[in-house]
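The values are calculated or read from the model by the stated rules, or taken from the named source; none is laboratory data. Given the structure is predicted, the values throughout are model-derived calculations rather than measurements. Positions of Cβ are backbone-derived with ideal geometry, glycine not excepted, and every protein chain shown enters the neighbour counts.
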Amino acid sequence: MKDEQTGFARVMEIMRRLRGPGGCPWDAEQTHESLTRYLLEEAYEVIEAIDADSPEMLREELGDLLLQPVFHSVIAEERGDFTMDDVLTGLADKLVSRHPHVFGDQVIRTTEEQLENWERLKEQEKKEGRTSALAGVPPHLPALMKAQKVTEKAARVGFDWSHVDEVFAKVMEELREFEETMIAGDQERMEAELGDLLFALVNLGRFLSINPEQALRKTIARFIRRFGHIEATLHARGTSLKKSSLAEMEALWEEAKKLEREGC
């Protein structure tokens, strides 16, 4: 490895050495399949850094995420499948071909027009001859993200409500249907109706330009902070969750919410 190498070339050379003779046993035995979990984990940690609004944390997590395509490309290079240069060349070509309004003479004035054009170009590029407007949604996406992708694709071909009031009415309809199955005690139908309710809520979020995955992550973060306040306060009082009543915990929950509103 040359000392003068910097940046991306240096990272690639380090990974080749880690995978090579005299390198790291763990790195050497990894496969595309074994690395799958790390790709997902690192992507979520990047999202966590963005939510934390921490440039330093984001810089580090982007590096960890970048390690994954580097790792996969070196494995592919060893097998003679493709190289990182092939990956980057394909990406560059795709960016140019999918932005004809920037690199060509096509005129696109709005974000919506660009999204529609992007989908058309993607379909033209695919060799499988997809027939469904819903094709191309990654099967392993988290459920909320997948629901959003599916509804966005359906909406682009006209399968959509015309006004947010209609979507809200659908949410209330699904809520009533869930309540009916809950009262009836039908576990299988309850699961189906809860799924319908969540799907309707994703559609409502889409209409209001609210990302459901991001909204739920923020709610979970608030819950963790407020619950932490309950635990810390009870600990300072010399007691614990198990020794406290629900009323005491709810009072501290409301106190945590008040402190958040006051910016404390």
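Candidates ALA251, ALA221, ALA200: the one that is closer than 19 Å to ALA147 by Cα and of a type in the set (Gly, Ala, Ser) is ALA200. Looking only at residues in the stretch 174-189 that are without any contact (Cβ under 8 Å) to a residue 24 or more places away in the chain and acidic (Asp, Glu), the one that is farthest from LEU204 (Cα to Cα) is ASP186. Flag: GLU45 matches the condition of being closer than 20 Å to LEU141 by Cα and either in contact with a helix residue (DSSP H, G or I) (Cβ under 7 Å, 6 or more places away or on another chain) or surrounded by 15 or more Cβ atoms within 10 Å (Cβ to Cβ) (or both). Checked against the criterion of being on the phi < 0 side of the Ramachandran plot and within 25 Å of the chain's Cα centre (by Cα), the candidates GLU13, GLU41 yield just one match: GLU41.
GLU13 meets each of the listed conditions (1) part of a helix (DSSP H, G or I); (2) in contact with a helix residue (DSSP H, G or I) (Cβ under 8 Å, 6 or more places away or on another chain); (3) free of Cβ contacts under 8 Å to residues at least 40 places away in the same chain apart from (2).
Considering the conditions (1) outside any helix (DSSP H, G or I); (2) modelled with pLDDT under 85, GLU123 is excluded by exactly one of them, (1).
As a summary of the residue check, ARG176 satisfies the conditions (1) buried (at least 16 other Cβ atoms within 10 Å of the Cβ); (2) out of contact with any Lys or Arg (no Cβ under 8 Å at 6 or more places or on another chain); (3) under 29 Å from ALA147 (Cα atoms) except for the one numbered (1).
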